[in-house]
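Below is one structure; the comments refer to it alone.
The values are calculated or read from the model by the stated rules, or taken from the named source; none is laboratory data. Just so you know, these numbers come straight off a predicted model, no measurement behind them. Here the Cβ positions follow ideal geometry from the backbone for every residue, glycine too, while neighbour counts run over all protein chains shown.
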């Protein structure tokens, strides 16, 4: 069915835009979910997103980020879970490029849910922090809010690869005296008291 919809999109994209909620409902049925289905739905969603349905897509992606955060990431499910999280990040990246006004709505759930992974789940966290670094570079108007959120969540980041990029963001974008003081306070708070063992 999804393959058929993808084919129809080439000629009837305007018509399919009105059925975005119905297309997204395919992923709400947990019994039918697979990464192949998720990938096709997210690709179709990304291709069909428009000013008419952007709000529904944003709400859907926010829920999916939260659901992906809670997914089991041990045993055989680890690879599938990480692949799904990566698909979400990729879709969000494409949508925010096309609709920059969606950046604040998308960044908060990503920062709150996807930066805390460790071990086998480090890859989605690393992709998330790299995406955030790209956003802050291209859309400097979000610098202050991203800087504050990274400082607030820094102690909950577990992966050294993600910490390295987050630390670079904190150091690079602390511009005012207050931000520099906040950056140092964040780093000192997470290092702990001296001597360091």
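Of note:
- Apart from one condition, residue 30 fits all of (1) at pLDDT 85 or above; (2) over 17 Å from residue 124 (Cα atoms); the exception is (1).
- Taken over segment 183-195, the criterion of being crowded, with 17+ Cβ neighbours inside 10 Å and farther than 17 Å from residue 116 by Cα is satisfied by 183 alone.
- Hits in segment 39-63 (condition: modelled with pLDDT of 85 or more and either assigned to a helix (DSSP H, G or I) or within 16 Å of the chain's Cα centre (by Cα) (or both)): 54, 55, 56, 57, 58, 59, 60, 61, 62, 63
Results for (1) modelled with pLDDT of 90 or more; (2) closer than 21 Å to residue 62 by Cβ; (3) more than 19 Å from the chain's Cα centre (by Cα), shown as yes or no for each residue.
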{"site": "121", "(1), (2), (3)": "no, yes, no"}
{"site": "136", "(1), (2), (3)": "yes, yes, no"}
{"site": "144", "(1), (2), (3)": "yes, no, no"}
{"site": "182", "(1), (2), (3)": "yes, no, yes"}
{"site": "197", "(1), (2), (3)": "no, no, yes"}
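- Hits in segment 162-177 (condition: over 17 Å from the mean Cα position of the chain (by Cα), assigned to a helix (DSSP H, G or I) and surrounded by 14 or more Cβ atoms within 10 Å (Cβ to Cβ)): 167, 170, 172, 173
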